[in-house]
Protein chains: 4
Amino acid sequence: MRVSLQDWAVEALDRMDEQARDYVAEPAMDGRTLADNEAAFARRRVRPHVLAGDADPDTSRTVLGRNWVHPVFVAPTARHGLLHADGEVATARGARRADATMTVSTSSSRPLGDVASAAGPWWFQLYLPREHRHREPLVAAAVEAGAEALVLTADLATRGRREAALRRGRTGFPTAAAAVNLAALTGLEVDQVDEVGHVGPVGPDDVAWLAGYGLPVVVKGILRGDDARRAVDAGAAAVQVSNHGGRQLDGAIASLDALEDVVAAVGAEVPVLLDGGIRRGVDVLVALALGATAVGVGRPVLWGLAVDGADGVAAVLDLLVDELDHVMRLAGVPDLSGIGRDLVVP
Amino acid sequence: MRVSLQDWAVEALDRMDEQARDYVAEPAMDGRTLADNEAAFARRRVRPHVLAGDADPDTSRTVLGRNWVHPVFVAPTARHGLLHADGEVATARGARRADATMTVSTSSSRPLGDVASAAGPWWFQLYLPREHRHREPLVAAAVEAGAEALVLTADLATRGRREAALRRGRTGFPTAAAAVNLAALTGLEVDQVDEVGHVGPVGPDDVAWLAGYGLPVVVKGILRGDDARRAVDAGAAAVQVSNHGGRQLDGAIASLDALEDVVAAVGAEVPVLLDGGIRRGVDVLVALALGATAVGVGRPVLWGLAVDGADGVAAVLDLLVDELDHVMRLAGVPDLSGIGRDLVVP
Amino acid sequence: MRVSLQDWAVEALDRMDEQARDYVAEPAMDGRTLADNEAAFARRRVRPHVLAGDADPDTSRTVLGRNWVHPVFVAPTARHGLLHADGEVATARGARRADATMTVSTSSSRPLGDVASAAGPWWFQLYLPREHRHREPLVAAAVEAGAEALVLTADLATRGRREAALRRGRTGFPTAAAAVNLAALTGLEVDQVDEVGHVGPVGPDDVAWLAGYGLPVVVKGILRGDDARRAVDAGAAAVQVSNHGGRQLDGAIASLDALEDVVAAVGAEVPVLLDGGIRRGVDVLVALALGATAVGVGRPVLWGLAVDGADGVAAVLDLLVDELDHVMRLAGVPDLSGIGRDLVVP
Amino acid sequence: MRVSLQDWAVEALDRMDEQARDYVAEPAMDGRTLADNEAAFARRRVRPHVLAGDADPDTSRTVLGRNWVHPVFVAPTARHGLLHADGEVATARGARRADATMTVSTSSSRPLGDVASAAGPWWFQLYLPREHRHREPLVAAAVEAGAEALVLTADLATRGRREAALRRGRTGFPTAAAAVNLAALTGLEVDQVDEVGHVGPVGPDDVAWLAGYGLPVVVKGILRGDDARRAVDAGAAAVQVSNHGGRQLDGAIASLDALEDVVAAVGAEVPVLLDGGIRRGVDVLVALALGATAVGVGRPVLWGLAVDGADGVAAVLDLLVDELDHVMRLAGVPDLSGIGRDLVVP
C-alpha cells in the first residue's frame, strides 16, 4: 500500500528501465544540491499552534489571477514518454483531476495540442531556442493552445552534467520520448532539437519580449534576491525559486535556503513560487511559512506517472495535498494566510 | 540484566506482537520528530558542580498542590491491553509502587473505576469527544473516580499518520485493547469510539469549561510560548510541553527545544510539564535545568508493562528516579531547586 | 609496528581479558561524554605558523615548582594489576623513563612504598575515605613516601555506572587487582574498601584540611569556572579539568570544552591541568593553546602497560611527547609559552 | 568512461602499486585535515546568477605578469617516477598541452633540464637544503633552466607523519622515483637527499635572499593572515594557501577555511594562490569567490599521470577547466573578475 510519496518513488524506480531511471533520478555531478534540497526541509522544525479553532483548513489561494484549490502545482519536467505510453497527456489528465495547474515543458514528448486538450489550467514552460525564428512559433502555439502563463526557464545557460548518463555513453532519447512538440513547432528534426535547439542563457530583454504576449511571465530558476528584482523589473509577473531539481549547477544553494532572500526582494509585489525537495505536506507548510506563494513538484509527479499513469499522477498530488490539509489541522492554521514565518523555528 | 531503559526497550519490543510493536514504537510519517526528541537531549551537555556538600539529594517537589517524591510522572498512553492482560490496572499498580502520579488515558482499555482503584494519585487525560453530550459523563466519571487533575490533550486535532500500520492495512484494535472506558462512559460502541469518537481540535473555551469542574486543568501538547499564554489565560493550572511522542505532527520541534519558550511565557505562573525523549536520569536533570517542573514518560512505562506488568512499570520508573538521584549526586545539586539553567551548556 | 596511540589501543584491547577490557575501556552509561572528550579535539583546527625560526622546540615547563621536560603527565587510574603482573610498579618505572610525573591512585593494586620506589617524581591521588580515622594514615603514608603533590578527586560523590560490568553481574576484582594499598593503610579488608571505603562527596573544608599537609593540593574533576574559584579559595594549588574519562556523569561536558571557562576563572593564579581525550600530540597542543598548563593521559598509559609493561608505558608517553615536539615544529612554536589561543580556530 | 576527477582517482589508485598508492593518497596521521580540505568545499553553497548575458566565459587572468588561459595550475608534487616511466617530463608535457603552469618540485625524479624542455611556463618549487652551500646551485639551476617563479615551501619544518608507510616499515624510494634532480644539483647521493637533504624551517631572511634572484617568490604553506603579511614584507610576490595536501600538520585548518584571513591581510597587494581539496569546477569557483587568484591541483594531476601519462595529465586539467567554464555559465559570470564574494553563501 502506498501511503507516502516515498512509497511511490520506490515502486516507480523499480518499474523504470535504466534510461528512465537515470533521467528521472539523476542529479548533476555529485548530487550535493539535490540532497540538500531535501535536507533543507528535513532540517526545519515546525512550531505548531494548538487551541486554534476547529475550522476545516482552507488550502485555496489565488495565483496569477486564478483561484487554486490548493497551492501545489506540477513543475515542468520533460519527456514523459520515457515513463508512460500516454506521456504528458496522462500527466495532464492526472493533474486536472487533482486540481493542480500543470506546467507543460517545451520538451514535451506529446504535441502541445494533445496535452492542452487533456489538461485543466496549464502553463507553458519555455526553453528559449537559440535562433529567434524558432521562438515566435513556439510561444504563439502555446498562447493559441490556451496556456495561462509562460514559464521562462532561466537556469539552462548550458546543460547540467548528469554523469551516470555520460558514463554510459548514452546520447539522445527513444522515439517515445522525442521532443516532438518542439520539433513540430520549430520545423527542426527531432534529433536536432535534442542537442542544440534550446539551450542557452536568457536575459532581461527576453523576459520583456515574452511579457509582450500578454500572458503572465514566470521566471524560473531564480536563487537570489537581486536576480528576482531584475526579473520583476523586466516584466516578470512571478518568479520561481528553483535549482532545476539539482540537475544544473551542482553546489547551488537548496531552493528552500534561497527562498527568504527572494521573498525579501520581491515577495511584496509578485508571487514567489518554489520547487525542489518537496516530499511531504509539512514541506509545503514550511515553504509557505518562509514566504512561498505556491510550490511545484517534479519528480513525485513522474513517480505517479510511471506507476499508474494519469491515476498515479492524480494520486500523488492528492496525497500531497491531503498531507498539507492534515498538517494544517495539526499546526492549527485555518488557511494559507495563517501560515506565517513564526511557524518555523528560525 | 536490565540496567538501563534501553535494556527494557529491547526486551519489550522483542516480546510484543507486531501490532503492539507498531502501536508503541511507531512515530508519525518519517519519524523526524521522534528522533529529534531523543537527540535534543543527547546534544545537551551538563556542567556538574563539585565541592558541593554531601547531602543526599532531595528529589521531591510540590506539583499542583501535592507533594511528589520525585518529578517523574506517567504520561498518558492508551490501550495498555495490547501489552499486558491487566492493561492499565497493572500500569496503575506499578506507578503507585514507584510513587509516580499516573495519567490515565481516555482510551484506557480497562474501566476507569478499576484503574482508579489500583492507582495512587492519578490524573485523567481527556480526549474531548466531538459531541458535547459525550463530554459531560466522561469528565464527571473521572472527577467521581478521584482524578486529581484533568489533562486536556490539545494536539489531536486530527489523528497523526503512523504509516507502518497504514501500510499493513490494519484498522481497529483487538478486544483486549478496546477503548472500553470511553465506550462505557459515552454509550458508544467500542468500534465507533476507535475511529470517530474523540478526535478534534480543542479551544480556549474548552479549557475554561473544563476548569469549571474545580480540578486543575493541564493543557497538554503545547509547543509555543504564545499558546501557553492563551492556555493559562483560559484557566489552565499547568501546561505540558509535548509533541505526542512524535506521533502527531512529524516535523514538529522537539519537546526539549520548545521548553524554554514556554517557560519564558508562563513558567513564573504555572508548572510547566514536559514529555518526549526522556530515557535517562540526566535527561530529567536537563529538562528541569531548562525550566520543566516535572517530566512525563510514555514509551518506557509501556516497555516495563510489556516485560513484567506492574512490577515492570515500577522497575522502570524506579530506575529512572534512581538515575536522577545518581546524577544529582554527581552534579552536586542537593534538591530540585538547585537544578538551575547554568547547569546545562547554552 | 605501533606508530600511533591507536595502534597501542588495538593491540592492548586484544590482549586483555574481558574484565580488564571492561574496566579500561568502558564509559558510564551511553558513553556520550567519553566520545565527546575525543570529538572535542577532533573538531578543533589549528592555524600553524610558518616563517617562524628554526629552534628545536623546548617542551619544558615548570609545574608546581618542579621543572618538567614536557607537559604530559600520567593521570590517575586504578588497579593496574588487571593489566600487568607488576601493576603500578611497572607503570611508575615506565613513567620515570619517559620523564613523566605519575599520579598514583589511592586504589593502587601495589603497595605505595613499592610504587614510590620505582617512580620518578609522583603525585598521590586521593579518594577521601568516608570515615575520618581512615584519612590521616592514608595521606600521611603518601607524604612519607615522597609524594610531591596531593590530587584530590572531587567527582566521585558516587560511583559512575559502567553498565557492561553491571550487565555481566560482575562485582569486585581479582586478587591481582585488589586495592591492597588502601586496605593496608586503612586497616580495612580488601573487599570492604572496594565497595564502601572511599566514595563520597568532598567539600572545600576537605581541600583546606588537605592543604595543611604542606604539599600542593590539586583538585581534580573541575568542569566549571565557579568551582575552580572555590577550589582555589579553599587552598588548592592547582585544578585539574576532568570528567573522569567519561566514567562518572555521562552527559557531562567534554574536558576540552570546559577548559576555557576554568582558565578564565583561575588560570592567572594557578596551573590548570586537563585530562580526557588526549590521543595525539596535536591534542596536547590544542589543550595548551586553550590554556591548559599540562595534560594528563589515562587510558593510553594503560594500553602501553597491557602490551609491554614498563617499556610499553614509556613508549606510549615518549610517542605522545615526540608527536608534541613534531607538531610544535610544524606549528612554528619554539616553546610552550608560544602556544597561544590564536593557534586554534575559535 | 572518465567523466569526473573521481573517475580518474578510482582508476589511478587501482593501477598503482602499494608504495605509489601510499605516497599519493596518504595524509598525515588521522587524515583530519585532508578530509576537511575536501569537506570545506562540499559545505559551501553557490548562489548562481541568471539573466546574466550570454557571453562565453573568459577564464583568463594575469598571474605574476603572465596571462593565463585559466586559473588552474599544477601544484608541486614529488617523485612522479613512482607513477609513470617518464615521470615529471610527462607531467610537464601534459600541463603544457592544458595551458597550465607547472610547479616543478625540488624532489623531481627527472633532471630539471629535461622537465623544463618539456614544459610550457613553469615555476620551481624549492625545498631549502639545510646547508647553504647546497642552496645556491639549486636555485641557480632553476633560474638558468627558465623557471618563471620560485615557490618556497614553508611548511616542511619537519616531515609529516604518514603512518601507513611507517607501519609498513618502508624507507626510501625505488630508483625510478629517486630525487635525481636534487642529488645532481647538490652533489649529494640520492639516498642522502631523501632523508636529510632538504627538510627544515625557513624564515623571512630566506624569502629575502631568494627574492634576490630577481624572480617572483611565492611562499607556499601559509594558513594565517599574519604569516602572509610577514611573507610579503620579506619580499614575497605571492603567497600560496596550503596545508601540503593534509600531509604535514594533521589537524591544520582546511585550505579553503584559511583563505579569507589571508586574503584580508595581503589580497590587495599580491596574488593569493590556494591548493588543497579542489576536485570540481565549482570548487575552483568557490575558491575564487573567496578571494583566491588561482588554484593549484596536486593529487588529480597524479591520477592523470598514473592512468595515461602526459595525455592523462592534460585530460584531467582540461576536465577541471571545462567544468569551471561550465559552472561559470551556470552561475552567470562572464569572467573571473565577476566571481565575487556574494556568489557563495556566507
Handout entry: In the range C:161-177, the residues that are closer than 16 Å to B:L5 by Cα, in contact (Cβ under 8 Å) with a residue 40 or more places away in the chain and among the charged types (D, E, K, R)
Key = C:R161, C:R162, C:E163
Handout entry: Residue that is farthest from the other protein chains (Cβ to nearest Cβ) [pool: residues in the range D:57-67 that are open to solvent by 10 Å² or more (accessible area, probe 1.4 Å) and touching a residue at least 60 places away in the same chain (Cβ under 8 Å)]
Key = D:R66
Problem - Looking only at the range B:1-25, and only at residues there that are within 14 Å of chain C (Cβ to nearest Cβ) and among the acidic types (D, E), the one that is most open to solvent (accessible area, probe 1.4 Å) - result: B:E11
Practice task
Tell me, please, whether a residue that is at pLDDT below 90 and either under 19 Å from C:P76 (Cβ atoms) or surrounded by 15 or more Cβ atoms within 10 Å (Cβ to Cβ) (or both) can be found in the range C:145-159.
Solution key: no
Completion exercise
B:E269: passes all of (1) part of a loop (DSSP other than H, G, I, E, B); (2) buried (at least 24 other Cβ atoms within 10 Å of the Cβ) but (2)
Practice task
Quick one: count up the residues across the range D:227-256 that are more than 11 Å from D:D155 (Cα to Cα), of a type in the set (D, E, K, R) and more than 7 Å from chain C (Cβ to nearest Cβ).
Solution key: 2
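Answer yes or no: is there a residue in the range D:287-308 that is part of a helix (DSSP H, G or I), farther than 23 Å from D:A238 by Cβ and in contact with an Asp or Glu (Cβ under 6 Å, 6 or more places away or on another chain).
Yes, there is a match, as at least one residue in the range D:287-308 is part of a helix (DSSP H, G or I), farther than 23 Å from D:A238 by Cβ and in contact with an Asp or Glu (Cβ under 6 Å, 6 or more places away or on another chain).
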Handout entry: Residue list for the range B:257-275, restricted to those being within 11 Å of chain A (Cβ to nearest Cβ) and hydrophobic (A, V, I, L, M, F, W, C)
Key = B:A258, B:V262
Practice task
Select from the range A:276-302 the residues that are within 13 Å of chain B (Cβ to nearest Cβ) and surrounded by fewer than 24 Cβ atoms within 10 Å (Cβ to Cβ) and write down the one among them that is nearest to the chain's Cα centre (by Cα).
Solution key: A:R279
Problem - Among residues of the range B:329-346, those that are away from chain C (no Cβ under 12 Å), surrounded by fewer than 21 Cβ atoms within 10 Å (Cβ to Cβ) and not acidic (D, E), counted - result: 3
Exercise for the section: Would you check if there is a residue in the range B:26-49 being within 22 Å of C:A258 (Cα to Cα), part of a loop (DSSP other than H, G, I, E, B), open to solvent by less than 30 Å² (accessible area, probe 1.4 Å) and within 11 Å of another protein chain (Cβ to nearest Cβ)? Expected result: yes
Handout entry: Condition broken by D:D114, with the remaining ones in (1) modelled with pLDDT of 95 or more; (2) open to solvent by less than 40 Å² (accessible area, probe 1.4 Å) satisfied
Key = (2)
Practice task
Out of the residues in the range B:144-155 that are in a loop (DSSP other than H, G, I, E, B) and either closer than 25 Å to B:G120 by Cα or of a type outside the set (A, V, I, L, M, F, W, C) (or both), state the one that is nearest to the other protein chains (Cβ to nearest Cβ).
Solution key: B:D155
Problem - Answer from D:T186, D:T175 - the residue that is β-branched (V, I, T), more than 20 Å from the chain's Cα centre (by Cα) and open to solvent by 30 Å² or more (accessible area, probe 1.4 Å) - result: D:T175
Completion exercise
When every residue in the range C:189-206 that is touching a helix residue (DSSP H, G or I) at 6+ places or on another chain (Cβ under 8 Å) and surrounded by fewer than 15 Cβ atoms within 10 Å (Cβ to Cβ) is compared, the one nearest to the other protein chains (Cβ to nearest Cβ) is C:Q192
Practice task
Filter the range D:303-328 down to the residues that are out of contact with any Pro (no Cβ under 6 Å at 6 or more places or on another chain) and within 11 Å of chain A (Cβ to nearest Cβ), then identify the one that is most open to solvent (accessible area, probe 1.4 Å).
Solution key: D:D322
Practice task
Test B:D155 against the stated conditions and say whether it is of a type in the set (D, E) and either closer than 24 Å to B:A306 by Cα or without any contact (Cβ under 8 Å) to a residue 12 or more places away in the chain (or both).
Solution key: no
Fill in the blank from the handout: the range B:156-258: helices (runs of 4 or more DSSP H) wholly inside it with 3 or more residues that are among the acidic types (D, E) are B:190-195, B:225-233
Fill in the blank from the handout: For D:D54, the lone unmet condition from (1) open to solvent by 50 Å² or more (accessible area, probe 1.4 Å); (2) within 30 Å of D:D114 (Cα to Cα); (3) within 14 Å of chain A (Cβ to nearest Cβ) is (2)
Exercise for the section: Look at B:R224 and say whether it is open to solvent by less than 30 Å² (accessible area, probe 1.4 Å) and touching a helix residue (DSSP H, G or I) at 6+ places or on another chain (Cβ under 8 Å). Expected result: yes
Exercise for the section: Pairs only if they're at least six apart or on different chains, beta carbon under 8 angstrom, first in the range B:127-150 and touching a residue at least 12 places away in the same chain (Cβ under 8 Å), second charged (D, E, K, R) and surrounded by 16 or more Cβ atoms within 10 Å (Cβ to Cβ); list them, first residue then second. Expected result: B:L128/B:R135; B:L128/B:D206; B:P129/B:R135
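The values are calculated or read from the model by the stated rules, or taken from the named source; none is laboratory data. Bear in mind that the values here come from a model prediction, so they are computed numbers and not experimental data. Note that each Cβ is placed from the backbone with ideal geometry, even for glycine, and that neighbours are counted across all protein chains shown. Protein only, heavy atoms only, side chains kept; ligands, DNA and RNA dropped before computing areas. Shrake-Rupley method; radii C 1.70, N 1.55, O 1.52, S 1.80 Å.
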